1. Can you find, within region 362-419, the residue that is modelled with the lowest pLDDT among those that are more than 21 Å from residue 256 (Cβ to Cβ), of a type in the set (D, E, K, R) and outside any loop (DSSP other than H, G, I, E, B)?
2. Can you tell me which of (1) touching a helix residue (DSSP H, G or I) at 6+ places or on another chain (Cβ under 8 Å); (2) of a type outside the set (Phe, Trp, Tyr); (3) modelled with pLDDT of 90 or more is the one residue 333 doesn't meet?
3. What is the one condition in (1) among the aliphatic types (A, V, I, L, M); (2) surrounded by fewer than 22 Cβ atoms within 10 Å (Cβ to Cβ); (3) outside the structural domain of residue 202 (by TED's automatic domain parsing) that residue 410 does not satisfy?
4. Determine the pairs where a residue that is closer than 22 Å to residue 81 by Cβ, located within region 115-130, has a partner that is of a type in the set (S, T, N, Q) and outside any strand (DSSP E or B) with Cβ atoms under 6 Å apart, the partner being 6 or more residues away or on another chain.
5. Name the residue, out of 52, 83, that is assigned by TED's automatic domain parsing to the domain that holds residue 38, modelled with pLDDT of 90 or more and surrounded by fewer than 15 Cβ atoms within 10 Å (Cβ to Cβ).
6. Could you pull out the residue among 232, 250, 263, 216 that is assigned to a loop (DSSP other than H, G, I, E, B), basic (Lys, Arg) and modelled with pLDDT under 90?
7. Among the residues that make up region 310-325, is at least one of them in contact with a Leu (Cβ under 9 Å, 6 or more places away or on another chain), assigned to a loop (DSSP other than H, G, I, E, B) and either at pLDDT 90 or above or assigned by TED's automatic domain parsing to the domain that holds residue 170 (or both)?
8. Scan region 185-211 residue by residue and report those that are closer than 18 Å to residue 398 by Cβ and in a loop (DSSP other than H, G, I, E, B).
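The values are calculated or read from the model by the stated rules, or taken from the named source; none is laboratory data. Since the model is a prediction, treat every value here as computed from it, not as a measurement. Quick reminder, even Gly has a Cβ in these numbers, built from the backbone with ideal geometry, and neighbours come from all protein chains shown.
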Amino acid sequence: MSLMLRVVALLLFVVSSQSWAVNSVKGVRIWHAPDNTRLVLDLANAPSHKVKRLSNPSRLEIELAGVTSLNIGAVTGDSPLVKRVYASRTPSAATAVVIELSFPVNDSIFSLPPSPPYGHRLVVDLKAQRAAVSSATVSKPAAVSSLPAQSAPQSTVSTRATGRNIIIAIDAGHGGQDPGAVGPKGTYEKNITLSISRQLADMINKQPGLKAVLTRTGDYYIHPNKRPDIARQKQADLLISVHADAVQNRKAHGASVWVLSMRRATTEVGRMLEQTEQHSELLGGVGEIIKDSANERYLAQTVLDLSMNHSMVTGFEVAKEVLREVAPIAHLHKKEPQAASLAVLKAPDIPSILFETGFISNYNEERLLKDSGHQHKLALAMFRAIKRYFEKSPPADSLFAAHKNNGRSVPTVMPTTQNRSTAVASSGSRTHKVKRGESLSRVAKQYGVSMAELRRHNNLKSDNILIGQVLRIP
């Protein structure tokens, strides 16, 4: 090697060593989820670290190379797993961040590169060991569940019709240290998705025959691959993931609905088949019969293919219903369901869709998505789409199926707070007399029904209505 090359190499080494050597902890953030805790160290530069796992008391000692200050900045958030977090000197005079624990945990520690709005991070994932949890006296975290059942009104469904609730898993995208997309005014996608998801869950839980479960009930992070697992644990009939889109083009706007791409899905099924421990989980009762042998692998493939085909057809049909309901209240970026390989859609046994509520990167849509009234309309559109689909194609053992077999539909508990000027006919049905300036779309919104329902209910061949015309309201 020439002298010049040696000098250049030495300079590069010195520069890289200096950039590595100087570092500082800017703060510590704690995010608690129902089954784990994530602790994030915000750092000035990429971290280099060593970990010691100590007992009496249980604690993690994370030695950070290049950090000389004992100041770890502000510590935000709390968790029943973490007693306290502080900086300390090790016997070798290095700086360490000490995480004192309530009881022994399983941990996973890794670094993340900058990703706006965050810089360099060292992530510490903590999960309580089962034996420790069962004997601990600390307060238990809230389980993933639906909104309070006591808020639901008394059902008006006849006791003659019996059947189980159809379970809808609602997945609020992102959460915790993952804010998702960020709008021009600083709005976080994770907050929009949770608000809309909660409103949708509330509507579903008020409807006899339906029940909602939320994959996350607060501001914490769940890995996208884990979200279908939560839906499966709750025996969900449908998973709907709520998001808000973002692109560099600020003019892009409108809602869209995504379903799983068959090409990628087939590949994912093949990979799942290689993971023999997932057979029983994916196949349900059939998995208890199918043995994991080369001779019978084709049978598992056939069952999974059938399950995947059913899930994808169902997801596509629900997606069309959602687009149909959203069209009157928001611009559609895509008028047909779009196919993509997204982690939250990859459960072969659960029909799944992903609803992009709009572009948070668009100034006008960021304002709309923050508006509680618009959020209510989006949630209501999803609710109507879900109810209509399961009225047409209910699971055989559900309350919806029992009513369909009896030639009746499940009475709707209309989830809206809007005032309605209704006229009640002697037969008990609702009617509306068209006034000057009203349109079919305006009447539909006033009564919380779709234009299509109004057309069908009144045998209308178009959207044209006349002043003084009396419309029957579904």
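1. Across region 362-419, the extreme among qualifying residues is 404.
2. With (1) touching a helix residue (DSSP H, G or I) at 6+ places or on another chain (Cβ under 8 Å); (2) of a type outside the set (Phe, Trp, Tyr); (3) modelled with pLDDT of 90 or more applied to residue 333, the lone miss is (1).
3. Every condition holds for residue 410 apart from (2).
4. From region 115-130, the pairs are 127/36.
5. On the way: 83 fails: surrounded by fewer than 15 Cβ atoms within 10 Å (Cβ to Cβ).
Going through 52, 83 in turn, the sole match is 52.
6. Exactly one of 232, 250, 263, 216 is assigned to a loop (DSSP other than H, G, I, E, B), basic (Lys, Arg) and modelled with pLDDT under 90, namely 250.
7. No.
8. Within region 185-211, 206, 207, 208, 209 meet the criteria.
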